[in-house]
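Student: Shown below is the structure under consideration.
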Amino acid sequence: MKNLNIIASIKKLLRNPTVINVLTVAIISVFVKGLGFYKEIVVAGAFGLSEILDTFFIAALLPGFVSEVFLNAFNTVFIPNYIAEKESTNKIGAFQSASFLVTLTVALFFIVISYLFTDVFLETFFNGHTESYYTLVKVQFYYLLPCILFWGLTSLLSGLLNIYDEFRYSSIYPVLTSISMLVCLLFFKEQLQEKVLAVGMLTGSIAQFLFLLFIAIKKNIIQIDKPDFFGLHTQTMFKQVPAKVSSGFLTGLISVTDQFFAAQLVIGSITALNYGLRIPAFFTTIIVMALGNVLLPYFSKLSINNKDEAFKTLYNILKRLFIGLLVVSVVLILLSDFIVELFFERNAFTSDDTVKVANIQRMFLIGLPFTICGNIIVRFLTSINKNAFMAYVSFATVILNIVLDIILMKYFGVFGIALCTALLQIFRSLVFLNYTKKQENVLAI
């Protein structure tokens, strides 16, 4: 009888639309990240811990930072307020038009600013290198700048598809960048030379945008109308943007700071830091995409009608997720050397590189359960428009990151930088959880 009840519960769970969406995104994400991981293996074999890769990561740093901080931050506040607009006045054409115009304007603004301040950025954060080193950075940087525009529009289209439960398409599109970079690396490396990775990323970002635009038009999701910048929910969205952008900006500074300090160490430290993050990021991205992409619109809809149920659902998810991730993290820490050797050690990537990257990977794995659970809490707080507090926490985190990077790097080198990141993820997730519980008590009064 007990077994029958368990089977019945599982069948009921699998019929739940939200669970189906999570599983769909998870399966697609495994494929997407798997191909992306294969791309990293090919790149590692081709370049090892080299100057080319160091300069590529630096070149991609500013465009990626702008995309993550300003454009993706806008996308996350777009979703709950779009849903609120859809549930009330339903003037979604005007809301969409305003959102696309804001994304386009912000992207073009930052492309110009980034172009004008390239030299200042390099001299400030990565001084002390040779002229050829800076030339390598700038050659790749100019190819990556247009990605900001395509990433911004792609992020907004992905958000729209998530709102309308088209999770398959909004999850699969990153595979196009991996394919593009692999094609460039495997077939055009001689012709493109030091530009090969940057060109691959640019063509991939264009392909992503065109793919999602085609799907959105085909599904009749895009509804363009005269933009309304003064509607209730549009204004609410704009009021949330500064706090969300501030939070994203300050959080994004953590990776910039880490790479800044890593650049002060031996050549290859930046690349080692990035490769040490690959396995933890693989699990983080899959789980955050599977849960986060589905739960943000889900919590946004649920909190409008039943906030108590929204909080209850969040805590149930966090409890089960944390226990599962703790087990995964321990196993990965124990197998860290084997995993790095299996996936990366070939050609230019030596056994010494394996030892270095494996130890860095262990540091990141310590914070894995907290990183992912913290991301889910952030999605929940965004869904109820509680973004201001996250900006304050991010500010405190940046200060702590600088202090701990200086201290830990002094004693442990690049491993200390990775350990600092893990400690900060633990701190952030616990603070966010405590704040969420306080919000539940406030709303219950």
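Student: Give me the extension gain from residue 328 to residue 265: residue separation times 0.36 nm, minus the current Cα-Cα distance, reported in nm with one decimal. Walk me through the numbers before you get to the answer.
Tutor: Numbers: separation 63, 0.36 × 63 = 22.68 nm, distance 3.12 nm.
Length difference between fully extended and current span is 19.6 nm.
Student: For residue 305 paired with residue 105, estimate the spin-label separation in nm (one decimal), with each label point 7 Å from Cα along the Cα-to-Cβ line.
Tutor: Modelled inter-label distance: 3.5 nm.
Student: Be a star and scan the stretch 344-378 for residues whose amide nitrogen sits under 14 Å from the point 7 Å along the Cα-to-Cβ vector of residue 189.
Tutor: 346-349
Student: Of the options 387, 355, 335, report the single residue whose Cα projects farthest towards the positive end of the charge dipole of the chain (beta-carbon charges: Lys, Arg +1; Asp, Glu -1).
Tutor: Highest projection toward the positive end goes to 387.
Student: Taking the Cα centre as origin and putting +1 on Lys and Arg beta-carbons and -1 on Asp and Glu beta-carbons, what dipole magnitude results for the stretch 93-216, to the nearest 20 debye?
Tutor: On the way: 4 positive and 7 negative charges, 39 e Å.
Roughly 180 debye for the stretch 93-216.
Student: So how tilted is helix 175-187 from the main axis of the chain? Cα-based, degrees 0 to 90, rounded to 10.
Tutor: 20
Student: Let me ask you something else. How do 251, 371 rank by accessible surface area computed with a 1.4 Å probe, from largest to smallest?
Tutor: On the way: 251 50, 371 25 Å².
Largest accessible area first, the list is 251, 371.
Student: Which net charge results for the neighbourhood of residue 418, defined as the other residues with beta-carbon distances under 13 angstrom from its beta-carbon, given Lys and Arg at +1 and Asp and Glu at -1?
Tutor: +1
Student: Given all pairs of different Cα atoms, what value in angstroms does the Kirkwood hydrodynamic radius of the stretch 275-419 take?
Tutor: Kirkwood radius, the stretch 275-419: 17.1 Å.
Student: Can you bin the stretch 128-263 into rounded, prolate or oblate? Criterion: square roots of the alpha carbon gyration tensor eigenvalues sorted a ≥ b ≥ c, rounded for a/c under 1.5, prolate for a/b above b/c, oblate for the rest.
Tutor: oblate
Student: Which shape class applies to the stretch 120-200: rounded if a/c is under 1.5, otherwise prolate when a/b exceeds b/c and oblate if not, where a ≥ b ≥ c are the square roots of the Cα gyration tensor eigenvalues?
Tutor: Details: a/c = 3.89, a/b = 1.68, b/c = 2.31.
In terms of gyration-tensor shape, oblate.
Student: How much net charge surrounds residue 139 when only other residues with a Cβ under 12 Å from its Cβ are counted (Lys, Arg +1; Asp, Glu -1)?
Tutor: Counting the neighbours of residue 139, the net charge comes to +1.
Student: Shifting gears a bit: Quickly estimate the mean residue ellipticity at 222 nm for the chain, helices only: each DSSP H run with n ≥ 4 gives -39500 (n - 2.57), and the total goes over all residues, rounded to 500.
Tutor: -28000 deg cm²/dmol
Student: Another question about this same structure. Can you give me the accessible area per residue for the chain, using a 1.4 Å probe, in Å²?
Tutor: 45
Student: Just to confirm a number: summing +1 for Lys and Arg and -1 for Asp and Glu over residues other than residue 232 whose beta-carbon lies under 14 angstrom from that of residue 232, what do you get?
Tutor: Working: positive: 86, 91, 239; negative: 85, 87, 228.
In short, 0.
Student: Placing unit charges on C-beta atoms (Lys and Arg positive, Asp and Glu negative, everything else neutral), compute the dipole magnitude of the chain about its Cα centre in debye, rounded to 20.
Tutor: The dipole of the chain has a size of about 1760 debye.
Student: Based on alpha-carbon centroids, what's the gap between the stretch 110-124 and the stretch 273-323 in Å, whole number please?
Tutor: For the stretch 110-124 versus the stretch 273-323, the Cα centre distance is 35 Å.
Student: Could you run the Karplus curve 6.51 cos²θ - 1.76 cosθ + 1.60 with θ = phi - 60° over the stretch 343-355 and give me ³J(HN,Hα) per residue in whole Hz, x for Gly and Pro?
Tutor: Calculated HN-Hα couplings, in order: 8, 10, 6, 6, 6, 6, 8, 8, 5, 5, 4, 4, 4 Hz.
The values are calculated or read from the model by the stated rules, or taken from the named source; none is laboratory data. Bear in mind that the values here come from a model prediction, so they are computed numbers and not experimental data. Don't worry about glycine lacking a Cβ; one is built from the backbone with ideal geometry, like all the others, and counts go over all protein chains shown. To get the accessible areas, we keep the full protein, side chains included, count just its heavy atoms, and leave off ligands, DNA and RNA. Shrake-Rupley method; radii C 1.70, N 1.55, O 1.52, S 1.80 Å.
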